[in-house]
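Shown next, in structure tokens, is the structure this report addresses.
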Amino acid sequence: MKIYLKENVYEKALERISYLYDEFEDVVVGYSGGKDSTVLVHLALEVARKKGRLPVNVMWIDQEAEWQSTVDMCIKIMTMPEVKPYWYQMPMVITNNASLISRYNYCWDEKEKDKWIHPKHKLSIKENIYGTDRFHQLFEKILKVDFKDKKACYISGVRTEESPKRHMTLTEAVTYKWITWGKKLSKDQYTFYPIYDWSYNDIWKAIHDNGWQYNTLYDKMYQYGIPVREMRVSN
């Protein structure tokens, strides 16, 4: 059951992010080049400006096999003067769903540099010192290493509209104080999802109302008739 409040989702997201900035020494915005994380970055910037907490920490774990328009969008965000970039272009392993014979993709393999989809950027972090090379484990490990001994949180653009399981997970149990929309990673470090209750219409309205730049791959996908729920711009 949904309970509607007087505030709209935009106002509520700003309130949530503001609370996280009050509670945590470091807030890290996860970025993928997609519409949801683009909105999240701009919301964090809005809050950080008001609180005098600039620059905003923005993290992108670059999986190498990324669309050029995704790379272009990430460069725009990572080079903003109000952003502190945490751009990881380092050896990592991701599951390969595009092959029946190769179980994994080995991103940024120096031995196959000639096959890289796009080059490394001068701003990026290129050495993996995080104790794992598995993509999905890196988020927690990076917080532990790069924000060691700090009360820190990672915020992500996950939305419950995309999955009934997400809706149940992010509304049924308290994760931190009164917050349900998150999960604990380790002592004093968490992941939160402050736009969990947004719809894709809310996302696009925020982008167009504010004139924010977005990944133009969405326009191409729309032109080719790809359903909105199937549009993905990250590896």
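The values are calculated or read from the model by the stated rules, or taken from the named source; none is laboratory data. Note that the structure is predicted; figures quoted are calculated from it, not measured. All Cβ positions, even for glycine, are placed from backbone atoms using ideal geometry, and neighbour counts span all protein chains on display. For the accessible areas, the whole protein counts, side chains as well, though only heavy atoms, and no ligand, DNA or RNA atoms are used. Shrake-Rupley method; radii C 1.70, N 1.55, O 1.52, S 1.80 Å.
Comparing Cα centroids, segment 118-186 and segment 41-75 end up 14 angstrom apart. About its Cα centre, segment 1-90 has a charge dipole of approximately 360 debye under the convention of +1 per Lys or Arg Cβ and -1 per Asp or Glu Cβ, with nothing else charged. Within the assembled protein chains, the solvent-accessible surface assigned to Glu66 is about 10 Å², based on a 1.4 Å probe. Within the accessible area of segment 1-122, the carbon and sulfur atoms contribute 54%, probe 1.4 Å, all protein chains present.
When all protein chains stay in place and ligands, DNA and RNA are ignored, the 1.4 Å accessible-area order of Leu185, Leu45, largest first, is Leu185, Leu45. Using a probe of 1.4 Å, the accessible surface attributed to Tyr10 totals some 50 Å² when neighbouring protein chains are kept in position. Placing His118, His136, His167 in order of accessible area, with the largest value first and a 1.4 Å probe, yields His136, His167, His118.
Summary value for the chain: 23 percent relative contact order, contacts being C-alpha pairs under 8 angstrom separated by 6+ residues. Seen through its C-alpha gyration tensor, with square-root eigenvalues sorted a ≥ b ≥ c, segment 104-235 comes out oblate because a/c lies at 1.5 or above while a/b is not bigger than b/c. Protein heavy-atom accessible surface, 1.4 Å probe, per residue over segment 128-197: 53 Å².
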